Amino acid sequence: MSSDHLLQWSSNGLRVRMSGTTHLVAHVTPLLPTQKLRKAEVLHSLDDLSKAGAEKVFTSALRPREQQFFADLGFTLHEELFLLAHNFETPIDLPTRPSRRFRRSDWEELLKIDSSAFPQFWQFDGLALAEAISATSKTRIRVDVQDTPAGFAITGRSGRMGFLQRVAVDPRHQRIGIGRSLVADALQWSKKRFVKELLVNTQVSNSNALSLYESMGFIKKYGGLAVLQWTVTS
Ligand SMILES: CC(C)(COP(=O)(O)OP(=O)(O)OC[C@H]1O[C@@H](n2cnc3c(N)ncnc32)[C@H](O)[C@@H]1OP(=O)(O)O)[C@@H](O)C(=O)NCCC(=O)NCCS
């Protein structure tokens, strides 16, 4: 997708992203704790989005308290996610495959891998990829390369909290240990930097990812996440 079709801005405590040629879908991420968000202002932003052509608005993955705030505004459940954490109290694997740093020239290839690995709703466009990379002050992006990139992982940390933001493996190269090796790299990097908990979320229905994370020592946290949706009514 060309960047002409992507729009992003922040207002009223929300980051808003519209993508696609028709801008029918928007994504909102709260930038403040919900106690600091004002319902009237968020409703105003939703009104602006519907005037800009959005027919559906999806939230980012929200914690229970944030879900309540958006539910009170008329949002309904789109999809539930598990939140998992690794607390480094159990041994962690070493990567079994070579990987290298992300290069600017990998950008399009990473977007291609992402699109082929994830169902449409979860696929990254350029803005979402940039957002995942810049979400934390420190970020590690590793690329598993054979002739061309076959998989990648984005891990970030803020203070002593770590976030496994993305892991995707080209379906043509899945089931040969790339995902496990990339997650092992993320764990090693985090541990060396004294991260006390590495968090990751995944769709409740994503049994492959769940089995990968649980087999590597991640444990489900109480009170999962959810993406909510708001449909414009004419
Ligand atoms: C999840 C994903 C990253 C795994 O990558 P991969 O390179 O295929 O994984 P590996 O070969 O390293 O396998 C690691 C483990 O993942 C689990 N797994 C991966 N694919 C699986 C499948 N098709 N069926 C069952 N388990 C699977 C298994 O536990 C596997 O361990 P095992 O081989 O010892 O049984 C890959 O399937 C993918 O990109 N999926 C789409 C994107 C995604 O869901 N990303 C993570 C969610 S945020």
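The values are calculated or read from the model by the stated rules, or taken from the named source; none is laboratory data. Note that the coordinates shown come from a computational prediction; the quantities given were computed from them, not determined experimentally. Virtual Cβ from ideal backbone geometry, glycine too; neighbours counted across all protein chains shown.
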Of the criteria (1) more than 11 Å from the ligand (Cβ to nearest atom); (2) more than 12 Å from the chain's Cα centre (by Cα); (3) of a type in the set (D, E), which one D93 fails: (1)
Within region 105-139, considering residues that are of a type in the set (D, E, K, R) and crowded, with 20+ Cβ neighbours inside 10 Å, the one nearest to the ligand (Cβ to nearest atom): D114
Tally, over region 15-72, of residues that are of a type in the set (V, I, T) and either closer than 17 Å to A132 by Cβ or in contact with a Cys (Cβ under 6 Å, 6 or more places away or on another chain) (or both): 4
Hits in region 73-96 (condition: closer than 25 Å to Q174 by Cβ and either in a strand (DSSP E or B) or in contact with a Leu (Cβ under 8 Å, 6 or more places away or on another chain) (or both)): E79, E80, L81, F82, L83, L84, A85, H86, I92, D93, P95
Single condition L182 does not satisfy, out of (1) near the ligand (Cβ under 8 Å from one of its atoms); (2) farther than 30 Å from V57 by Cα; (3) without any contact (Cβ under 8 Å) to a residue 40 or more places away in the chain: (3)
Long-range neighbours under 8 Å by Cβ, at least six apart or interchain, first residue in the same structural domain as D170 (by TED's automatic domain parsing) within region 109-123, second within 9 Å of the ligand (Cβ to nearest atom) and part of a helix (DSSP H, G or I): S116/P171; A117/P171; Q123/D114
Neighbours by Cβ (under 7 Å, 6+ apart or cross-chain): first from region 38-61, under 9 Å from N12 (Cα atoms); second surrounded by fewer than 16 Cβ atoms within 10 Å (Cβ to Cβ) and of a type in the set (G, A, S): S45/S11
Selection from region 206-225 of residues that are small (G, A, S), within 15 Å of the ligand (Cβ to nearest atom) and in contact (Cβ under 8 Å) with a residue 40 or more places away in the chain: A209, G217, G224
Candidates L14, L24 - the one that is modelled with pLDDT of 90 or more and not basic (K, R): L14
Test for W189: is it over 30 Å from F75 (Cβ atoms), away from the ligand (no atom under 13 Å from the Cβ), modelled with pLDDT of 95 or more and surrounded by 16 or more Cβ atoms within 10 Å (Cβ to Cβ): yes
Matching residues in region 158-180 - criterion: being closer than 12 Å to V200 by Cα and not aliphatic (A, V, I, L, M): G162, F163, Q165, R166
